[in-house]
Every structure is written in C-alpha cells, then in structure tokens.
Amino acid sequence: MTQNPPNLRPDLAHASIPETRRPGQPTIGMVSLGCPKALVDSERILTRLRAEGYAISPDYRGAEAVIVNTCGFLDSAKAESLDAIGEALRENGRVIVTGCLGAEPDYIREAHPKILAVTGPHQYEQVLDAVHAAVPPSPDPFIDLLPAQNVTLTPRHYSYLKISEGCNHKCKFCIIPDMRGRLASRPAHAILREAEGLVKAGVKELLVISQDTSAYGLDLRHETTKGHRAHITDLARDLGSLGAWVRLHYVYPYPHVRDLIPLMADGLILPYLDIPFQHAHPDTLHRMARPAAAAKTLDEIAAWRAIAPDITLRSTFIVGYPGETEEEFQTLLDWMDEAQLDRVGCFQYENVKGARSNALPDHVSAEVKQDRWDRFMEKAQAISEAKLAAKVGRRLDVIVDEIDEEGATCRTKADAPEIDGNLFIDEGFEGLTPGDIVTVEVEEAGDYDLWGRRV
C-alpha cells in the first residue's frame, strides 16, 4: 500500500476514492495485483463496500482489515501474491485474500496461516461476507448512500470495461479456465449501461477486456435483449456511438474479427487490436493447443491493414516453450519480420502448477530461454523503432495522462495505458489537464516513445 511505489501500482496511484470519513466509520484497505481484469474485480468490491458504508483506506495503518486481490497465473505471480499477503499481515495483521490465487486456499494458508479468509476469483459475495465478519458494517442511512458512480482505481479519464468472464480455450500452458471457469458473457445492455455511466462521469477512453473478447456472446448464442445484440461486432458499434475512445484487448484472431476493421476505418473504435498470437511455428502452436495457421494470420493482417492502414497491432509471445527447437524459434523471428507488429511483449515459458504443458517432453534450459528472449526483444525493438521513426512529422491526436512541471505525458491512439509507449510534450503544455485530447506534431522518436508539440 503506502510501501509500494505509486508508479508501479496503478491501483494505488490513481485511486478515485472519497477521502472524508465520519467518526466510527468502518474502514477497509485494498491491495490489487495482476491484470486489468483483476483490477475491475477490485473496483466492484470497493464499490459494493462503499455502498454499504465502509470507508476505503489508502494505507495499512488506517484500515481495520485489508483485502489482497491476488494473481495466480504464473509461479512468479504466485510468489508476488504471497509476498503481498505477507506484507499486509506484517503491516496490518487482518487480511482477507481473494482473486485467482484464492482458488488454491491450502497453498495460501500453508504460507500464511493467520489470514482471516480466502475466496476465489470474482466471488464478490463471499468477499463481502468475509469483510462483514471481520469488520461489521455500520452504515449511517443519512450519509452512506449508494455512490453516484463506481469506485475506480484508474485515472478518471479512462476505465476498463469487462464484458465477460472465463474462457473456453484449453491452451496447455494456461490455467485461467480452471480458475475462472468457462466463458460467461455479460448481457450487452448491461455493458452499455455501465459504459454510458462511465462516459457521463467523464471517462474519455473505454478499454474493453475479457479473457477472450472475440468470443463475447457465444455462450448467450448472441441473443438480443433490450435492443442490444451480444456479439463483439455489435457491441463495438454500440460502444463507439458513445463518443469515447474504445480500445479492444485480448482479441483472438477469429475470422469474424475482420468485421471489426471497418468500424476502425470509420472512426467508431480505435484502430488497435491486442491479439495474443503466442507463437508462429505450427508445431509449437500445436503443442500449445492453439490454432496453428500463422500463414493465414499474415494474410488476415494484410487484409486488416488494407482496410485500416493506421491499425496498431499488439501481441504477446512465449519463447522457450517445451520442445521449441532453434528452427521453430527462427520461424517466429522470420514471421515477426513479415508481420511487422507495432507493439510486442514476450515471456519466457515457465511451469505453472496445474498446467498440462508441465508434462510435455524436452523442456528448454533457462540459458536458452534467456538467449531467445534477448534475440526476440532485439527484433521487436528494431521494428518498433522503425515504425515510430516513420511517424515523425505526422499530426496525431493524443490523450493526456499526467502533467508535471517538466511536461505532459500522453498517449496516441496506438498506445494502451501501462503496457505501450507514450508521447511527451515538453513545451506549450500549460493549461492541459489529464483527459484532454489534443493534436500534436511528432518531432522525435525513440525505441518505444514519441515526443511532439501541440498544434
């Protein structure tokens, strides 16, 4: 909480939580780890607690109990979660654990037997029950009314919008379906109602998230309720009508994704796709239990760019997957040369308890994984540098994230918060405030960031 650097903890640095408290008001703290989907869960929990009369403390000392929302996707994330639980116990002593790692209560209690309760991912009612038991509610009906808007843990000008839970894929390296279950889509009208409320409250950018955004509505058979169809194309079109930037994350490259591209070309949603390709060699993809059609993917990318030339493609990859040969890795590098993706992240494979990939033969040594990661990132950096250099001289719309005495930190339509690059304005930034959308001319480019001036 206060011990964590704000720039490394967006859930703490940007929390939009009322600070005034009445005498005797029960108070809860929150540590939120992991991905944006977990952040949304934390926001929902805090919103419910605020509606029940609880105050939210930004530090351990002011809280009567602390909720730690954990991540359990990788062993390194599990270790970070256990460390965070331990810190909360040392600093506060009364800790409730929830989130993905909560699906392994025995594992948590073995390391930290003094925790008050453990609940699994998106088990909101169980979390509230645990809070009620630890810190009984004491609402004042004349003061503690339902908040006019949700508690947000992001800056006021952007917000994550979760459209579904779970995933129907069975990738061998992933345990998310075991922790969060199969695909469960929210009704389209409920998502639109939430989005409308966010935009009305001043949100300028909606970041659409799920485990599998492309599959949205499949479990609902794409039904239409209250005039809104549960299909990602229809949902994107509806969200695009609200007047905010709409950015799509975690989009699998299904054939119907091509129907989203005209919406980008028409300016309804941002020309940005976050697609987890993971690898390019068909044998590696087969061992991952993922679609193995990298060549067709290149054709799809070319078709997308023909319709929306300014489209930004972000992806993540895994190197050192069990059985990955040097030839397979070289195929990935060659594919990167052809695909010319704009934004890329890369992970070295690691075993995760419960993942089927653990049992695969021919695991890659740590030294080889590190070497391949270095070579992959060198390739990705060179592509990024060339693509950004081509933007020098262009005029781009940017959204302002932060202002300090040295300048304005902004993002272009090609940049998602926290994971992509920035555009910096060093002069003429006076009068700008976070959330402003302004036009700049790009004057300088680096490996991942841009510099520009207002026009």
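Bear in mind that the values in this text are calculations on the coordinates, not laboratory data. Note that the structure is predicted; figures quoted are calculated from it, not measured. Cβ: placed from backbone, ideal geometry, glycine included. Neighbour counts: every protein chain shown.
Here are some notes:
- In a DSSP loop and with at most 14 other Cβ atoms within 10 Å, the trypsin sites (Lys or Arg not before Pro) in region 366-455 are R394.
- Percent of Cα-Cα distances greater than 14 Å, calculated over region 316-406: 71
- Placed amide H near H249: partners under 5 Å, 5+ positions off or other chain: V208
- For region 158-389, a Kirkwood hydrodynamic radius built from all Cα pairs, placed in the Stokes-Einstein relation at 10 °C and 1.306 mPa s, yields a translational diffusion coefficient of 85 µm²/s.
- Beta bridges per DSSP, both residues in the chain: antiparallel share near 40 percent.
- Relative contact order computed over region 6-134 (Cα-Cα under 8 Å; 6+ residues apart), in percent: 21
- Once C-alpha pairs closer than 8 Å and six or more residues apart are averaged by separation and normalised to the residue number of the chain, the relative contact order reads 10 percent.
- Note, ³J(HN,Hα) from phi for region 373-386, Karplus 6.51, -1.76, 1.60, rounded to Hz, x at Gly and Pro: 4, 4, 5, 5, 5, 4, 5, 5, 5, 5, 5, 4, 4, 5
- A184-A302 pseudo-label distance in nm [points 7 Å out on the Cα-to-Cβ vector]: 4.3
- Translational diffusion coefficient of region 108-247 (Stokes-Einstein, Kirkwood radius from Cα pairs, 20 °C, 1.002 mPa s): 122 µm²/s.
- Distance between modelled label sites at E402 and S138, nm, 7 Å Cα→Cβ extension: 3.7
- About the Cα centre, charge dipole magnitude for the chain (Lys/Arg +1, Asp/Glu -1 at Cβ), debye: 1560
- Orphan Cys of the chain, criterion: no other Cys C-beta under 4.7 Å: C35, C71, C100, C167, C346, C410
- For H363, nonlocal amide neighbours, meaning residues 5 or more places apart or on other chains whose placed amide H falls under 5 Å from its own, are G323.
- Shape metrics for region 6-134, restricted to C-alpha atoms - Rg then Dmax, Å: 13.4, 42
- Karplus-derived HN-Hα couplings along region 203-215 (A = 6.51, B = -1.76, C = 1.60, θ = phi - 60°), whole Hz, x at Gly and Pro: 5, 9, 9, 9, 9, 7, 9, 5, 7, 8, 4, 4, 7
- Counting only DSSP H runs of at least 4 residues, each contributing -39500 (n - 2.57), and dividing by the residue count of the chain, the helix-based mean residue ellipticity at 222 nm comes to -10000 deg cm²/dmol.
- The H on the amide N of Y160, modeled in the peptide plane, is under 5 Å from the matching H of L207, each at least 5 residues off or on a different chain.
- Zero-based 5 Å bins, Cα pair distances in region 395-454, whole percents: 4, 21, 37, 26, 11, 1
- Computed over the chain, the ratio Rg/Rh where both radii use C-alpha atoms and Rh is Kirkwood: 0.96
- Relative contact order (%) - criterion: Cα under 8 Å, at least six apart; region: region 395-454: 37
- Binned Cα-Cα distances of region 365-414, short to long, each 5 Å bin given as a whole percent: 4, 15, 14, 15, 16, 13, 10, 8, 5, 0
- Residue-wise HN-Hα coupling along region 168-177, computed from phi with Karplus coefficients 6.51, -1.76, 1.60 (Hz; x: Gly, Pro): 9, 6, 10, 4, 5, 8, 10, 10, 4, x
- Long pairs among K170/K387; K200/K387; K78/K170; K78/K204; K369/K391; K78/K413, criterion Cα-Cα beyond 28 Å: K170/K387; K200/K387; K78/K204; K369/K391; K78/K413
- Stretch in the chain that is longest and holds no chymotrypsin sites (Phe, Trp or Tyr not before Pro) that DSSP places in a loop and that have at most 16 other beta carbons within 10 Å: 143-447
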